[in-house]
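The values are calculated or read from the model by the stated rules, or taken from the named source; none is laboratory data. Just so it is clear, the model here is predicted, and its values are computed rather than measured. A quick note on method: Cβ atoms are made from the backbone with ideal geometry, for glycine too, and the neighbour counts reach across all protein chains shown.
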Amino acid sequence: MASEEPRHPPGPQRRQPQRGAPRRGEPHQGEPHQGEPRLGEPRRANLSGADLRGANLVEAHLSKANLSEANLSGADLRGARLVEANLSGADLSGARLVEAHLSKANLSEANLSEANLVEANLVEANLSGADLRGANLDGAHLEAANLSGADLSGADLQCCPLVDTNLTNADITGCYVWGVSAWGVKLEGTKQQNLFITRYDEPSVTVDNIEVAQFVHLLLHNEKIRDIIDTVGKKGVLLLGRFTEGRMEILERLREKLRSLGFVPMVFNFDKPETKDFTETVRLLANLSKFVIVDITNPRSTPLELQAAVPDYMIPFAPILQEGEEPFAMLVDLQNKYDWVLQPIFSYPSVERLIEGLEDKIVRPAEAKFNELQARRTKQLRVESV
């Protein structure tokens with residue numbers, strides 16, 4: 001008798017569902033429901049507002065956990081993984097967070113006063129408005145962290161890398177900053193006073209600027225740096241001008257000649273976008289120099305910087321000008337008002353004539369004026385002391 005025609009088309013045999021097997025679209029036994037983490041994936045714990053005072057959470061895995069407004073005061077979180085965790089508004093006062101992993105964590109408005117954060121990883125963490133008074137951040141990684149509006153008064157920041165760290169409107173009064181590496185730090189509105197730049201076991205030395213702290217410490221502990229600063233002060237000559245591609249030969253020849261005369265030339269070339277204000281840079285370099293040579297041949301930028309630097313620094317300024325060009329109008333006013341702006345302007349028809357006359361027409365008058373100004377300062381000091 002012929003076999004009955006199958007009801008289903010030829011192909012793989014359809015498996016009959018087993019008793020209790022899930023229907024299509026339902027997870028198999030042991031599989032998570034939609035939205036739940038799969039096996040091996042960390043669950044995002046929701047501990048918002050939890051009371052975890054004094055809890056032992058050593059090396060706990062709490063990455064991406066919600067711990068907002070939680071009470072973790074005095075908790076032991078040494079080595080805990082809290083990457084991208086939400087700890088906004090949490091109470092972590094007195095907590096132990098040594099070597100904790102807190103990169104990209106949200107700690108805004110959190111209370112971390114007196115917390116121990118030695119060598120904690122806080123890279124790109126949000127600590128805006130956080131209370132870090134008296135916290136120990138020795139060696140903590142704060143690269144690109146947001147500490148805007150945070151209170152770090154009295155905190156220990158020794159050996160912290162502060163690279164691209166945002167300290168806008170923060171309070172770092174009385175912090176210990178020995179060994180800090182501060183590069184690209186945002187310090188607008190930052191309150192920074194009495195910063196300790198020495199170790200605990202050394203006599204206290206304080207400064208009022210975290211970026212200055214590194215430099216002052218170098219001066220105190222590196223004799224070679226002091227020698228360099230002393231050399232620059234006695235032999236440094238600042239060259240100011242707009243040395244575009246066609247005028248670079250003038251710059252190179254001036255440098256060579258100054259070196260041959262025993263000076264240390266420092267060059268500030270205005271051949272950059274004119275939208276930027278270089279005033280502070282020029283003022284700093286001028287203050288380190290014995291005298292300044294200013295090429296006013298192309299004075300689109302130079303007048304602004306000169307007007308800012310000349311009144312505040314009794315340093316000889318020697319203007320030079322290529323023949324056929326006119327000096328900017330304000331130069332005469334500066335020469336009349338401040339006798340350290342040398343007269344007359346040295347006009348040069350060629351690079352060769354400039355180099356030939358440099359020693360007699362610029363260097364010697366500038367050195368004579370430098371000595372005169374030094375004597376004037378000394379006399380003023382004597383009068384004030386009497």
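Results for (1) in the same structural domain as Cys159 (by TED's automatic domain parsing); (2) under 14 Å from Cys160 (Cα atoms); (3) at pLDDT below 90, shown as yes or no for each residue.
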{"position": "Val180", "(1), (2), (3)": "yes, yes, no"}
{"position": "Val185", "(1), (2), (3)": "yes, yes, no"}
{"position": "Gln193", "(1), (2), (3)": "yes, no, yes"}
{"position": "Ile197", "(1), (2), (3)": "yes, yes, yes"}
{"position": "Asp201", "(1), (2), (3)": "yes, no, yes"}
{"position": "Glu211", "(1), (2), (3)": "yes, yes, yes"}
{"position": "Gln214", "(1), (2), (3)": "yes, yes, yes"}
{"position": "Asp230", "(1), (2), (3)": "no, no, yes"}
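Please give the number of the condition Phe243 fails out of (1) hydrophobic (A, V, I, L, M, F, W, C); (2) at pLDDT below 95; (3) within 14 Å of the chain's Cα centre (by Cα); (4) in a loop (DSSP other than H, G, I, E, B).
(3)
Let me spell it out: the conditions are (1) within 14 Å of the chain's Cα centre (by Cα); (2) modelled with pLDDT of 95 or more; (3) surrounded by 22 or more Cβ atoms within 10 Å (Cβ to Cβ), and Ile172 meets all of them except one. Which number is the exception?
Tallying (1) within 14 Å of the chain's Cα centre (by Cα); (2) modelled with pLDDT of 95 or more; (3) surrounded by 22 or more Cβ atoms within 10 Å (Cβ to Cβ), Ile172 fails exactly one: (1).
Are any of the residues in region 175-186 more than 20 Å from Gly139 (Cβ to Cβ) and part of a loop (DSSP other than H, G, I, E, B)?
no
So, in region 271-294, of the ones that are at pLDDT 75 or above and in a loop (DSSP other than H, G, I, E, B), which residue ends up surrounded by the fewest Cβ atoms within 10 Å (Cβ to Cβ)?
Leu288
Give all pairs with beta carbons closer than 9 Å in which a residue from region 309-322 that is within 20 Å of Ile250 (Cβ to Cβ) and in the same structural domain as Arg364 (by TED's automatic domain parsing) meets a residue that is part of a strand (DSSP E or B) and of a type in the set (Ser, Thr, Tyr); count only pairs at least 6 apart in sequence or on separate chains.
Between residues of region 309-322 that are within 20 Å of Ile250 (Cβ to Cβ) and in the same structural domain as Arg364 (by TED's automatic domain parsing) and residues that are part of a strand (DSSP E or B) and of a type in the set (Ser, Thr, Tyr), the close pairs are Ile320/Ser347; Ile320/Tyr348; Leu321/Ser347; Leu321/Tyr348; Gln322/Ser347; Gln322/Tyr348.
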